[in-house]
Structures are given as structure tokens and as C-alpha cells.
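Contents: one structure, followed by commentary.
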Amino acid sequence: MVYAADWSSCLVDGAATFKCLEPIFENVVQAITALVGVVLFVMLVVGGFNFLVSGGDQKKLEKARGTLSAAITGLVIIIVAYLILKTITALTGVDVTQFTVPE
């Protein structure tokens, strides 16, 4: 797994070019993906914990269900978005998950 994109191809005589947008975009997408995964995990844990400690209180139970529903809805949206990108790639042959600046 690559944690930081290579910057050497975007420099010309020590000056940054538009090719520098590629590694920046790649790093931002990786950071957002990691953040979304952490938020999803935390929401599932908090929702599950609140569900377990609700003690039969309907108000707490509904709040826990809402948290779990939001987390699962977010997970479904992420999976559907990924599948849409992969379908576009399969149908067109263009890898839409790779950001490249034409030279």
C-alpha cells in the first residue's frame, strides 16, 4: 500500500507543474477514505453500545437505532459509489479512479 504519492515526476527544473495535482489528489482521496472508515467504525461501535445499554428505554433505543441506521446507510452509499465507479471502468475501459493531468 502506498501512503504518499511520488512527487518527483511533477517537478521540472525544481518548479512545480500541473502534474503535482495528481499526487495531491491521490493523497487527499486516501486521507478522506481513511477518515470515512474510522467514522463508520466509530458510529457502529457507539450505536451498538447505546443499543446494548438502552435498558429497554424506548427513547435511547430509537437513538441507537438511528445511529446504526445512519452508519449502515453510509456504508451502503460508499459501496454503491464504488460499484458505480467500477462499472463505468468496466463499460468504458477508462479507469475513472485514476486522476491524471494530460501533458
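The values are calculated or read from the model by the stated rules, or taken from the named source; none is laboratory data. Since the structure is predicted, the reported quantities are computational estimates derived from the model, not experimental observations. Note that we place each Cβ from the backbone using ideal geometry, even for glycine, and neighbour counts take in every protein chain shown.
Things worth noting here:
- Residues of the stretch 23-66 satisfying the condition of being within 20 Å of GLN98 (Cβ to Cβ) and either touching a Phe, Trp or Tyr at 6+ places or on another chain (Cβ under 9 Å) or free of Cβ contacts under 8 Å to residues at least 40 places away in the same chain (or both): PRO23, ILE24, PHE25, GLU26, ASN27, VAL28, VAL29, GLN30, ALA31, ILE32, THR33, ALA34
- The stretch 1-37 - residue that is among the hydroxyl-bearing types (Ser, Thr, Tyr) and within 20 Å of the chain's Cα centre (by Cα) and, of those, modelled with the highest pLDDT: THR33
- SER69 being in contact with a helix residue (DSSP H, G or I) (Cβ under 9 Å, 6 or more places away or on another chain), not charged (D, E, K, R) and not in a helix (DSSP H, G or I): no
- Pairs where the first residue, in the stretch 73-89, is of a type in the set (A, V, I, L, M, F, W, C) and the second is exposed (fewer than 13 other Cβ atoms within 10 Å of the Cβ), C-beta under 8 Å, 6+ apart: LEU85/VAL96; LEU85/THR97; ILE88/VAL94; ILE88/VAL96
- Residue among LEU75, LEU85, LEU40 that is closer than 30 Å to PHE18 by Cα and within 22 Å of the chain's Cα centre (by Cα): LEU85
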